[in-house]
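Scroll down for the structure; my scribbles are underneath it.
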Amino acid sequence: MRIHSDLCKRKILKNLTQPYSGFMEGRKRKMLLAASSPKRTDTKNNIQVPSSHLNSITCENNEATSQKERSCYFKGDRNESRLGENFFNQPCIALAKALLGKVLVRRCADGSELRGRVVETEAYLGGEDKASHSAGGKRTERNTAMFMKPGTIYVYSIYGMYLCMNVSSQGEGAAVLLRSLEPLQGQPGMRQLRAQARRKATARPLKEKELCNGPAKLCQALAIPRLFDRRDLARDPDVWLETESDDPGFKGSLVKQPRVEGTKTAEVGDRGVVVAASRVGIQSHGEWAKKPLRFYLLGNQCVSVVDRAAERLALNGGHNE
């Protein structure tokens, strides 16, 4: 009876330990496989992950990226349509007018690009301009970019929550505010960025002309951050200005102005009649609030504020007739 009992005990113990040992062997196999697989660093979390797992993540990201709108302009490392240092090196008013019709480009982290045509600008002339951040030649930590070389980006905040993008020009402390854009490429991405910035679940969908029709909206739609301040617009890899492309994939529509009989010669920019009007939001700065230092393309629906009196002057060549 004792022999039979011992045999039963050994059999029971064997049955109990087999599943556990099999489980442990399975874990050992997985650990050995993981250890033998080449590992790469997950830079986001600073951990090591097996290559097989990383490849599956990369494929998913590539698939998502392929669905995003790719640039039809930027080929390789050379972009011949990009505006360089010479373009920005001109007086403030001249630069404000020259920027009209040019294209602002924002390259995103995934390689896709957002594009908008500049249709409205404001010139801030430096020390003499009472409405300028550099009025009286005052230099601060905030406005340092205005005193840097032409083409330097100046990004500042207003109301503690919105950003505005400017470009320095010739002249001590002079810069041009980019006030409005006409969306050309990447509108779905712009719409998503604007929706995130609005933070209103019940907000109505934005029309295309509303995506960039204001300096703060422009920065939201193109994801222009505060850290872009003091960067060189002529050399920066993430944001730049360029001339419009003749590429057939270009999605913009040119602004065509109707002929107006009986009018004098109007000032015409790259994409239409240029209107010179008073700047917006500086009413407390006396005579400087009335100076015609805001420039926009006549008839463009993306202009933030229309000035009918200034438009009549533009069509009449600057004469009240």
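List the pairs from 97/149; 149/217; 209/291; 209/290 whose alpha-carbon separation is above 21 Å, in the order I gave them.
149/217; 209/291; 209/290
Highest mean first, how do 87-96, 167-176 rank when packing is the count of other Cβ atoms within 10 Å averaged over residues?
Per-residue Cβ counts within 10 Å, averaged per peptide and sorted highest first, yield 167-176, 87-96.
Given 0.36 nm per residue, what is the gain on full extension from residue 196 to residue 162 after removing their alpha carbon distance, in nm?
Full extension of this stretch gives 10.9 nm more.
Roughly how many Å² of residue 241 are accessible to a 1.4 Å probe, to the nearest 10?
Approximately 0 Å² of residue 241 is accessible to the 1.4 Å probe.
Heavy atoms only, probe 1.4 Å: what % of the accessible area of segment 72-162 goes to carbon and sulfur, would you let me know?
51
Evaluate E = 1/(1 + (r/R0)^6) for residue 289 and residue 208, where r is the Cβ-Cβ distance and R0 equals 30 Å; express this FRET efficiency to the nearest 0.05.
0.45
Given H placed 1.01 Å from N in the peptide plane, which residues other than close sequence neighbours of residue 180 have an amide H under 5 Å from its amide H?
Those qualifying (amide H under 5 Å, at least 5 residues apart or on another chain) are 119, 120.
What nm value, rounded to one decimal, do you get for the distance between residue 172 and residue 308 when each label is placed 7 Å out toward the C-beta?
Going from the residue 172 label point to the residue 308 one covers 4.3 nm.
The values are calculated or read from the model by the stated rules, or taken from the named source; none is laboratory data. This structure is a prediction, so every number in the text was calculated from the model and none was measured. All Cβ positions, even for glycine, are placed from backbone atoms using ideal geometry, and neighbour counts span all protein chains on display. For accessibility, only protein heavy atoms count, side chains too; no ligands or nucleic acids. Shrake-Rupley method; radii C 1.70, N 1.55, O 1.52, S 1.80 Å.
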